[in-house]
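One structure is given here, and the rest of the page talks about it.
The values are calculated or read from the model by the stated rules, or taken from the named source; none is laboratory data. These numbers were taken from a predicted model, which means no experiment stands behind them. Just so you know, the surface numbers come from the protein's heavy atoms only, side chains and all, with ligands and any DNA or RNA stripped out. Shrake-Rupley method; radii C 1.70, N 1.55, O 1.52, S 1.80 Å.
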Amino acid sequence: MRRREFIIFLSGAAATWPLIGHAQPGERMRRVGILMPYPPSDKEMQNRVQAFKEELRNRGWTTGVNVQFDERWTTDNMDLIRAAATNLVELKPDVVFAIGGRVIPILMQLTSSIPIIVPGGTNPVERGWVKSLARPGGNVTGFAQAELSIIGNMLQTLKEIAPNISHVAMIYNPDNPAAAFFGRSFEDAARSLAIEPVIAHIHSAHLAQIVAIVARHRLPSIYSEPASVKVGGLVYYGTDRVDLYRRSASYVDRVLRGEKPGDLPYQQPTKYELVVNLKTAKALGLTVSPSLLARADEVIE
């Protein structure tokens, strides 16, 4: 391994159960559509959706009592996504809970009246999802999983691990509409740190495959997907994705109780997590500074 080469990859507790009574006589069963562009076997995404449902239960919405979930897991096959989105809209749900830079525009084309809550989508104004963060104004709102400034912070973290790095490659799917925003931010941030930026496009590889390829070439890396460090990635820096799904449940709850999505601010991240895989660092011959370890929210031994 050439120590001056690094990789940056950009992808995105016990429950307290209250006493829940039965639905009041005559109360209408609410329908929540869920569209996830992931395979149903994706355990990380299943955990996030489960956290979303648990938070709704905490807020008084119980499956089969006063709420029904219509779930669609499509993988990233765009034909399946379009079919699932069309099907969900035809069901006329009270709200759709969906994620994906290519998914939300499809839903917006299909309906301008059904509320759409997004548990992680960046640059919603620039992408035309909302009129402003404070007052979205349409039928879409939600929570951003990152701001463009995160790229600079990720690069600075790599510089702290290896001060002499000179080249960094960012891997992302160019089909994602947000890719261009992050690509420009990456190039600007890299040059400000005297690093040569390299853009690498990838379309269909899974996260575990990417981590394995990077490890095989013994290249240290930092990721924007939390599952990365669990399968051998060196560092994760980003938002708590499960928390985003729980917080999004609060918006679904408010919509089900009569509020309009256009009046609910599209919220930006307030906290980022740092997770370091010390086992991977040792395998790469890297020494992680005590100051970085002290800042880490989690260290994998």
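Of note:
- For the range 142-182: rounded, prolate or oblate by the Cα gyration tensor [a/c cutoff 1.5]: oblate
- Look at the alpha carbon pairs under 8 Å that are at least 6 residues apart: their mean separation over the length of the range 81-172 gives a relative contact order of 21 percent.
- Set of lysines with alpha-carbon distance to residue 53 below 18 Å, sequence-local pairs under 8 removed: 43
- Percent antiparallel among DSSP beta bridges (both partners in the chain, rounded to 5): 10 percent
- Over the chain, DSSP H runs of length four or greater, each weighted -39,500 (n - 2.57), average out per residue to a 222 nm ellipticity of -10000 deg cm²/dmol.
- The amide H of residue 68, built 1.01 Å from its N in the peptide plane, has 30, 31, 32 as neighbours under 5 Å, considering only residues 5 or more places off or on other chains.
- Long-range Cα-Cα pairs in the range 152-270 (distance over 17 Å), rounded percent: 66 percent
- Close amide-amide hydrogen proximity is noted between residue 273 and 238, 239, 240, each under 5 Å apart and 5 or more residues distant or on a separate chain (H modeled in the peptide plane; Pro and chain starts excluded).
- Residue-by-residue Karplus 3J(HN,Hα) for the range 97-111, coefficients 6.51, -1.76, 1.60, Hz, glycine and proline x: 10, 8, 9, x, x, 9, 7, 4, x, 5, 4, 5, 5, 7, 8
- Fraction of accessible area attributable to carbon and sulfur, the range 250-292 (%, probe 1.4 Å): 53 percent
- Within the accessible area of the range 156-208, the carbon and sulfur atoms contribute 52%, probe 1.4 Å, all protein chains present.
- At a probe radius of 1.4 angstrom, the accessible area of the range 34-118 per residue rounds to 42 square angstrom.
- Under a 5 Å amide H cut-off, with hydrogens placed 1.01 Å from N, residue 167 pairs with 6, 196 among residues at least 5 apart or on other chains.
- Cα gyration tensor shape for the chain, rounded if a/c is under 1.5, else prolate or oblate: prolate
- Length-normalised contact order of the range 188-301 in % [C-alpha pairs under 8 Å, at least 6 apart]: 22 percent
- Value in Å of the Kirkwood radius, where the range 83-177 supplies the Cα pairs that are averaged: 15.4 Å
- Å² per residue, accessible surface of the range 210-301 at 1.4 Å: 45 Å²
- Within the range 185-301, antiparallel bridges make up roughly 45 percent of the DSSP beta bridges whose residues both belong there.
- Normalised per residue, the accessible area of the range 134-197 is 39 Å², obtained with a 1.4 Å probe and no contribution from ligands, DNA or RNA.
- A simple rule links phi to the HN-Hα coupling: the Karplus curve 6.51 cos²θ - 1.76 cosθ + 1.60 with θ = phi - 60°, which for the range 80-92 gives 5, 5, 4, 5, 5, 5, 4, 4, 5, 5, 5, 6, 6 Hz, with x for Gly and Pro.
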